[in-house]
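The values are calculated or read from the model by the stated rules, or taken from the named source; none is laboratory data. Given the structure is predicted, the values throughout are model-derived calculations rather than measurements. Glycine also receives a Cβ, built like all others from the backbone with ideal geometry; neighbour counts cover every protein chain displayed.
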Amino acid sequence: MRNRRLRELASNNNQGGLSDTELLHSQMSQGMHIEDADEEGMEVTDDFLKFLEQSEKHREQWKVKKKKLKCISGSISPSEEPLGDGGSREHPDTIRSREMQQLYGQASARIHAMETALQLSFDRFSTLHQPQYWPNIPINVIFS
């Protein structure tokens with residue numbers, strides 16, 4: 001019922017009278033192809049719409065943050081680096097140690113050891129039992 005009302009408001013009101021939230025809810029409803037016939041069998045709750053809205057905000061914030069970091073550092077991604085003698089590149093372990101030191105300070109060695117032990121335990125368990133992987137499908141709702 002609410003989805004139908006938002007769709008009607010979005011289609012009838014071209015002057016921008018909808019608030020941003022109502023417009024986003026309308027776009028989400030249309031993007032998920034929710035039809036009137038399906039509304040009886042499937043209910044889209046406000047919590048789910050809030051989750052999608054928050055996910056979209058986080059995605060946009062992350063894109064902006066990545067662009068800023070790329071501009072500030074002036075670095076290019078490893079795939080864009082020219083292939084050359086490679087003398088100026090740091091070893092991945094050195095980079096990892098530096099990042100751990102920045103994140104955790106004096107406790108970085110202990111935390112790094114705990115992460116390594118956990119990863120090795122997981123790898124050992126996976127090797128012994130060879131679990132079947134469950135298909136993972138991320139929620140990538142794209143609004144146009």
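Side notes on the structure shown:
- Candidate set from region 112-144 (those that are assigned to a loop (DSSP other than H, G, I, E, B) and more than 30 Å from Q54 (Cβ to Cβ)); member that is modelled with the lowest pLDDT: Q132
- Restricting region 54-81 to residues that are assigned to a loop (DSSP other than H, G, I, E, B) and on the phi < 0 side of the Ramachandran plot, the residue that is modelled with the highest pLDDT is S75.
- Of note, E90 satisfies the criterion of being over 28 Å from N140 (Cα atoms), at pLDDT 60 or above and not in a helix (DSSP H, G or I).
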